[in-house]
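Okay, so here's the structure we're looking at.
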Amino acid sequence: MAPRKQQSDVLPLVGEIDLHVSPEIAASLRTIIEKKPKQLVVDLSKVTYMDSSGLAVLIQAMQDVQGYGGKFALANVQRSVQHIFEIARLDQVFQIAPDVDSALAAK
């Protein structure tokens, strides 16, 4: 019997997302994306900082998910991290939800 395709996946991230941890996050995202979930939500509720390498990983993941027709969203973006998205104008690129449930409910 073929494995059932997952409807959605949530990847919670913690701490500072920088050059040192971005490759590990990219690997985790690739593993999830290989399963082609209909929705992938990255929970940023416990992320205190993100640099450009973290942003690049999220952009790549979003493009990969959209490439197969899935939906990609960010949830629980903290104020300090939200500011980084706004400066880079990525708040207009990503679907950003106030919490994971809202992100999963969005169509």
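The values are calculated or read from the model by the stated rules, or taken from the named source; none is laboratory data. All values derive from a computational prediction rather than experimental measurement. Ideal geometry is used to build each Cβ from the backbone, glycine not excepted, and the neighbour counts take in all protein chains shown. Only protein heavy atoms, including side chains, enter the accessible area calculation; ligands, DNA and RNA are left aside. Shrake-Rupley method; radii C 1.70, N 1.55, O 1.52, S 1.80 Å.
Can you give the alpha-carbon Rg of the chain over 2.2 N^0.38 Å, where N counts its residues?
My calculation over the Cα atoms of the chain gives 1.01.
Each residue of segment 38-47 in order: what ³J(HN,Hα) in whole Hz does its phi give by Karplus 6.51 cos²θ - 1.76 cosθ + 1.60, θ = phi - 60°, with x for Gly and Pro?
Result, rounded to whole Hz: 5, 9, 10, 10, 9, 8, 9, 4, 10, 8.
How much net charge surrounds Ser28 when only other residues with a Cβ under 14 Å from its Cβ are counted (Lys, Arg +1; Asp, Glu -1)?
-3
In terms of modelled amide H atoms, which long-range or inter-chain residues lie less than 5 Å from the amide H of Asp99?
When sequence neighbours closer than 5 places are left aside, the close amide H contacts are Asn76.
With charges only on Cβ, +1 for K and R and -1 for D and E, what is the dipole size of the chain about its Cα centre, in debye, rounded to 20?
Result for the chain is approximately 560 debye, rounded to the nearest 20.
Going 7 Å from the Cα of Tyr49 along its beta-carbon direction, which residues of segment 13-28 have the amide nitrogen within less than 15 Å of the resulting point?
Counting backbone N atoms under 15 Å from the label point, the list is 14-22.
Taking H as built 1.01 Å from N, whose amide H comes closer than 5 Å to the amide H of Ser8, not counting residues under 5 places away?
Lys38, Gln39
For Cα pairs less than 8 Å apart in space and 6+ apart in sequence, what is the mean separation divided by the residue count of segment 24-107, i.e. the relative contact order in percent?
Normalised by residue count, the contact order of segment 24-107 is 34 percent.
What value, in deg cm²/dmol to 500, does the helix sum -39500 (n - 2.57) over DSSP H runs of n ≥ 4 give at 222 nm once divided by the residues of the chain?
Theoretical 222 nm ellipticity from helices: -12500 deg cm²/dmol.
In segment 35-92, what percent of the accessible surface is made up of carbon and sulfur (1.4 Å probe, ligands and nucleic acids excluded)?
Carbon and sulfur together cover 48 percent of it.
Quick one: 3J(HN,Hα) in Hz for segment 67-80, Karplus 6.51/-1.76/1.60 with θ = phi - 60°, rounded, Gly and Pro as x.
So the Karplus estimates, Gly and Pro as x, are x, 9, x, x, 10, 10, 9, 10, 9, 6, 6, 6, 3, 4 Hz.
Going by amide H atoms built from the backbone, whose H comes under 5 Å of the H on Ser45, apart from near neighbours?
Leu13
Probe of 1.4 angstrom, ligands and nucleic acids ignored: what's the accessible area per residue over the chain, in square angstrom?
That works out to 58 Å² per residue.
Let me test this: with uniform point scatterers at the alpha carbons of segment 58-107, what is the Debye-based log₁₀ I(q)/I(0) at q = 0.13, 0.25, 0.28, 0.32 1/Å?
Listed by q, the Debye log ratios stand at -0.30, -1.01, -1.14, -1.22.
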